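Enquirer: One structure coming up, written as structure tokens, with questions to follow.
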């Protein structure tokens, strides 16, 4: 739908505050009344944009998992790390979409909270694979998807706000892997390094 396409691109470029139902209607060459026939108000339009942002996010996560080929222990670990990397990269590359899809307006309709999120299911599959291979520490699998998601999401939000250097992404993921995994070898073959300290909020 042209209205949704236009609103998506406006929000992607300039943020939710820049979206106007009348302006979107004018941009695609339809009357405001025609736009209101599809979306009763701006809020409904923004919820639809959030759904589309979630679809793009899901595809990024699925593609990240699929990009790691093979059925070895190393591949399983790389797949887990790739998911975290894709999550944080999406937040960095699509800040307006990321902020909107995890914002208050979209919270009630998000598949992440209501069930059926392909991105969440992909994470579950990755963790189940690690558990099946005996690559997780004893007793950590139950609820680990919530811990992993919250950890990576928190980093993404802090980095977007400038409180955490985005360059620490791989250090975070390596630390998370060491915490939950019995395999402490870096699957990328990189030596460890001491990360710089994050920034603190203004007081």
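Enquirer: Scale the Cα Rg of the range 50-180 by the rule-of-thumb value 2.2 N^0.38 Å and send over the ratio, two decimals. Working shown, then result.
Expert: Details: Rg = 14.3 Å, N = 131, 2.2 N^0.38 = 14.0 Å.
The reported ratio for this selection is 1.02.
Enquirer: Using only DSSP helix segments of four residues or longer, with each worth -39500 (n - 2.57), what per-residue ellipticity at 222 nm results for the chain after dividing by its residue count and rounding to 500?
Expert: Details: 11 runs with 133 residues, N = 203.
When only DSSP H runs of four or more count, the value is -20500 deg cm²/dmol.
Enquirer: Taking only Cα atoms, what is the 0 to 90° angle, nearest 10, from helix 144-160's long axis to the longest principal axis of the chain?
Expert: 60 degrees
Enquirer: Please work out, to two decimal places, the log10 of the ratio I(q)/I(0) at q = 0.18, 0.21, 0.28 Å⁻¹ from a Debye calculation in which every Cα of the range 26-78 carries one identical scatterer.
Expert: So the normalised log intensities work out to -0.70, -0.82, -1.01.
Enquirer: Also: Roughly what angle does helix 118-132 make with the longest principal axis of the chain, taking Cα atoms, 0 to 90 degrees, to the nearest 10?
Expert: Computed tilt is about 10 degrees.
Enquirer: In degrees between 0 and 90, to the nearest 10, how far off the longest principal axis of the chain does helix 2-14 point, with axes built from Cα atoms?
Expert: Here the helix axis deviates by roughly 60 degrees.
Enquirer: Here's a follow-up. Averaged over all directions, how much area does the convex hull of the C-alpha atoms of the range 1-58 cover when projected, in nm²?
Expert: Working: hull surface 13.9 nm².
That works out to 3.5 nm².
Enquirer: Where the centroid of each part is defined by its Cα atoms, how far is the range 119-146 from the range 61-110 in Å?
Expert: Using only Cα atoms, the two centres lie 15 Å from each other.
Enquirer: Considering Cα pairs under 8 angstrom that are at least six residues apart, work out the relative contact order of the range 50-180 and quote it in whole percent. Walk me through the numbers on the way to the answer.
Expert: Values: 105 pairs, mean separation 40.3, N = 131.
The normalised contact order for the range 50-180 reaches 31 percent.
Enquirer: Hey, another quick one. Rg to Rh for the range 1-111: what is it, with Cα atoms only and Rh by Kirkwood? Show your work: numbers first, answer last.
Expert: Working: Rg = 17.0 Å, Rh = 15.3 Å.
We get a ratio of 1.11 for the range 1-111.
Enquirer: Just rank 132, 42, fewest to most, by other beta-carbon atoms within 10 angstrom. Numbers along the way, then the final one.
Expert: On the way: 132 11, 42 16.
Ascending number of Cβ neighbours within 10 Å: 132, 42.
Enquirer: If you rank 43, 55 by fewest surrounding Cβ atoms within 10 Å, what's the result?
Expert: Numbers: 43 11, 55 14.
Fewest-to-most ranking of 43, 55: 43, 55.
Taken together, the values in this text are just the output of simple stated rules run on the coordinates, not laboratory data. These figures come from a predicted structure and were not determined experimentally. Here the Cβ is made from the backbone with ideal geometry for all residues, glycine too, and neighbour counts use every protein chain on show.
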